[in-house]
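Chemist: So that we are looking at the same thing, I have put the structure below in C-alpha cells.
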Amino acid sequence: MAGGGGGQGRIRDEDVQAVKAALRIDQVVGEYVQLQQAGVQMRGLCPFHDEKSPSFYINPSKNVYNCFGCGEHGDTLGFLMKIEHLTFVEAVERLAPTVGITLRYEGGSYQPGRQKGERTRLLEINKIAAEWFTQQLGGAEAEIGRRFLADRGFDAAAAAHFGVGYAPVGYENLTRFLRGRGYTDRELLVSGICSEGRRGPMDRFRGRLVWPIRDLTGEVVGFGARKLREDDNGPKYLNTPETPLYKKSNVLYGIELAKKDIAKTGRAVVVEGYTDVMACHLAGVTTAVATCGTAFGEDHIKILRRLLMDTSQYSGEVVFTFDGDAAGKKAALRAFEDDQKFAARTSIAITPGGMDPCELRIKEGDAAVQELIAHPVPLFEFALQAAVASHNLDTAEGRAAALDQAAPIVARIKDGSIQHEYAVRLAGLLGILDEQFVVRRVGQLARWQRERERNRGAAGAPAVRAPEPAAAQAPRPAAFRLDPRNPAQFVERELLKLAVQFPALVAPVFDAFLEHEFPTPPYRAVRAAIVAAGGVSLGATAPDVWVDALREVCPDDTVRGLVAQLAAEPVRTRREPDAAYAGEFLVKLRLQAVDRRIAECRAQLQRLGPRADATAVQQELWTLQQYGQNLRARGAAAL
C-alpha cells in the first residue's frame, strides 16, 4: 500500500518513507485546526465531528493524532487523506513538495505527470490557470479590469497580493494553453476551468476579472469572476462549479491570508464580497473572509470554530458586516440563525449609508473601516431591536406580539447572566413594568428549548440545526414544554380539564373567554379546539362524545395528545368537582388576564409621559381596576 498508485505506477517506498520522516504533524494539522499546547501534546477542536470542548490531540514526537470524542486516529498522511478526501498517493504527492522531496515512480509505463492522482492534477491545473490569469492582467485588453480595480482603490501591488487576474475575451485562450501543458479535455472539464461547448471544452471565464479561491493550505481550488462589460449577458459573478476540489459551502475567500491573525486575535470578520475582503485587509483588518457564491452556513462555521479555538473555555468573536439597507439587515438576521453554532461572541457591523467596506474605504479611508469593525453591535442586540421595531408598542396586541417574537430570541442566549440582562432590557423596550414577568417568560422558553434538544438527542435524531428565527406567528404547541409547577399554567390546565371532562360546569361562561386569556401556547391550542368543536355549551349537551369530538378537530397529534392528557388527569380537588370549584378557576383565569392588562396600561402611561394626553388609557386602567376588585369580592357572580 505504501507506494500504491492505482495502476498509475508506484511511488518508490523510500520516497514515501522520506516524506513521512520529514513531516511534522503539528504543521500539517495546524493548517486546519488551531492548536494549543497541552503538556507534551497539543490539542484543538476535532475537525471530524462537532464538539464544544477540545478532545482532538496530537503527539508531535510520534506524528500521530487521536480524537477522544469520535475515535478518529492515525498519522500525518492519514490525517490529510481523511480531511481532504485524498487517496494515499494524492496525500504523498500533496505533501512531498512541502518538505522538498521529488517523488520517483516505478512500475507500469512511466509518464511524467500522468502517474499523479487526479486531485493532484486538478490542483496543478488551477495553479497554472491562476498564474496565467495574473499574467493577462498586464495586457492591453485588461485595461478595463485594471480601471475597475483602480476605481475601488486597488493598485497593481494589491492585485498581486490577492492574485487577481484577468480572463481575456475568447473561447479557447486558456483551453489551448492548458492542452499544451499536457492536460486532457476531461481534466479541464472536471476542474471547472472549462465548460462544455459545441466543439469540446471552452474557457468558462471570458472578459472578466478573476479572483483565485484558496483553501486553508493556500492551494487554489476554484475561481470567482466578475463581469466588466455591458454586453456580457452572464451573471455579475460567476464561480467555479462544484468539483472534486471546490465545494462552495466549504470555502471562504481570503481564509489562507486571514487564518493566522484569526487564531492570534480570536476574531474573524465575515464580509460579503471579494473586494470587501481586499479593502479590509489593506485597511489593516486582516481577519476578513467572505463566502463564495453562497450564504454563510454551517460548514463555514466549522472552519472558523477550529481557527478560533471556539469553545466555552476560550473567548472569540465573529463580526458580520452587512450593508445598512433592508437587504443587508435581512442578511444579518439570517446570520443570527447560525449564532448558536458558535461559543464565540457574535456581532454585527452595519456599514453607514448602505456602503460596503470597499466603498467605505474609498470614501472615508482605512481608519473608517477599522472603526467600523472595532465597534460592532452584539447580534442579539441587533435581532432584539429588529423584532421589537416591527410592532406597534402603543397597543396591547402589538406589545404582546413583540414579546412573543422577542422572548425566544433572548431565550437562545447561552450565557445565563447575559440572558437575564437582555430579558430586563426587553421589558424596558416594551414598557413592561413587571420585569420579573419577562425574565420568567424567557427562562421558561430557554428550559423548553433545552428539553427539546435533550429529547431529540435521546431519540437519536440528527444534530439540531440553529433554532428558527423568531417570526411574527403563533408558536407551535410542540415547541413548548409545560411546567406543572407554574401557578399561572396550573390555572389554565385545571380550567381546561374541567372544560374537557365536565363541560356543563363551566358553560356558558368558558365560551366567552378570549384567546389571549390562555397565554400558554399548548393550552391556547386546546381552547381553539374547544371553539372549533362548538364550545363547552355544545359539549354539555353530549358529554359522552365530547372528548372524541374535540380530538377530531385537533390540528395535529400534539394537541390530540394534550386533550387526551386533560381528559384522563384527575381534577385537583378532594371533593367532587362542582359549580363552585369551576367558578373559582374561571375567576382566577379572568383575574390573571385583567392583571396583565393593568400592567400594560401602567407601562403605556409610563411611555407616554406626563405631558401626553393619556385620558383614554387612564379610563381603561380605572375600569380594569374596578373590575378586578369586583371579581375578588364577588367571585363567579361578577363574571
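Chemist: Looking at LEU605, LEU639, can you tell me which residue is surrounded by 11 or more Cβ atoms within 10 Å (Cβ to Cβ) and under 26 Å from ASN486 (Cα atoms)?
Modeler: Among LEU605, LEU639, only LEU639 is surrounded by 11 or more Cβ atoms within 10 Å (Cβ to Cβ) and under 26 Å from ASN486 (Cα atoms).
Chemist: List, please: which pairs have Cβ atoms under 6 Å, are six or more places apart or on different chains, and start with a residue in segment 119-139 that is in a helix (DSSP H, G or I) and modelled with pLDDT of 95 or more and end with one that is surrounded by 17 or more Cβ atoms within 10 Å (Cβ to Cβ) and among the hydroxyl-bearing types (Ser, Thr, Tyr)?
Modeler: Correct list of pairs: ILE125/TYR183; ILE125/SER191; GLN136/TYR166.
Chemist: Could you list all residues from segment 1-54 that are of a type in the set (S, T, N, Q), modelled with pLDDT under 85, farther than 16 Å from GLU93 by Cα and in a loop (DSSP other than H, G, I, E, B)?
Modeler: If the condition is that a residue be of a type in the set (S, T, N, Q), modelled with pLDDT under 85, farther than 16 Å from GLU93 by Cα and in a loop (DSSP other than H, G, I, E, B), then SER53 is the only one that fits.
Chemist: Sticking with this structure for a sec: Since ALA225 meets every condition but one in (1) of a type in the set (Gly, Ala, Ser); (2) at pLDDT below 95; (3) part of a strand (DSSP E or B), which condition does it not meet?
Modeler: (2)
Chemist: Which pairs do you get when a residue that is outside the structural domain of ARG147 (by TED's automatic domain parsing), found in segment 165-177, comes within reach of a residue that is among the aromatic types (Phe, Trp, Tyr) and crowded, with 24+ Cβ neighbours inside 10 Å, reach meaning Cβ atoms under 9 angstrom, with the pair 6+ apart or on two chains?
Modeler: Pairs that qualify, where the first residue is outside the structural domain of ARG147 (by TED's automatic domain parsing) and the partner is among the aromatic types (Phe, Trp, Tyr) and crowded, with 24+ Cβ neighbours inside 10 Å: there are none.
Chemist: Can VAL587 be described as surrounded by 15 or more Cβ atoms within 10 Å (Cβ to Cβ) and assigned to a loop (DSSP other than H, G, I, E, B)?
Modeler: In short, no.
Chemist: Taking GLU569, is it touching a residue at least 12 places away in the same chain (Cβ under 8 Å), surrounded by fewer than 19 Cβ atoms within 10 Å (Cβ to Cβ) and under 15 Å from LEU631 (Cβ atoms)?
Modeler: Considered against the rule, which asks whether it is touching a residue at least 12 places away in the same chain (Cβ under 8 Å), surrounded by fewer than 19 Cβ atoms within 10 Å (Cβ to Cβ) and under 15 Å from LEU631 (Cβ atoms), GLU569 comes out as no.
Chemist: A further question follows. Quick one: which of ALA406, ALA401, ALA411, ALA396 is assigned by TED's automatic domain parsing to the domain that holds ALA446, in contact with a Lys or Arg (Cβ under 9 Å, 6 or more places away or on another chain) and in contact (Cβ under 8 Å) with a residue 40 or more places away in the chain?
Modeler: Exactly one residue qualifies, and that residue is ALA396.
Chemist: Say we look at segment 138-197 and pick out the residues that are acidic (Asp, Glu) and in contact with a strand residue (DSSP E or B) (Cβ under 7 Å, 6 or more places away or on another chain); which of these is farthest from ASP231 (Cα to Cα)?
Modeler: Among those residues, the one meeting the criterion is ASP185.
Chemist: Here's another thing I want to ask about it. Pairs under 9 Å by beta carbon, first residue over 19 Å from LEU605 (Cα atoms) and assigned by TED's automatic domain parsing to the domain that holds PHE585 in segment 617-639, partner modelled with pLDDT under 90 and outside any helix (DSSP H, G or I), six or more apart or different chains?
Modeler: Close Cβ pairs satisfying both conditions: LEU631/LEU639.
Chemist: If you take the residues of segment 160-189 that are aromatic (Phe, Trp, Tyr) and under 39 Å from the mean Cα position of the chain (by Cα), which of them is surrounded by the most Cβ atoms within 10 Å (Cβ to Cβ)?
Modeler: In this case the residue turns out to be TYR166.
The values are calculated or read from the model by the stated rules, or taken from the named source; none is laboratory data. Everything quoted here is computed from the prediction, not taken from an experiment. Every residue, glycine as well, gets a Cβ built from its backbone with ideal geometry; the counts of neighbours run over all protein chains shown.
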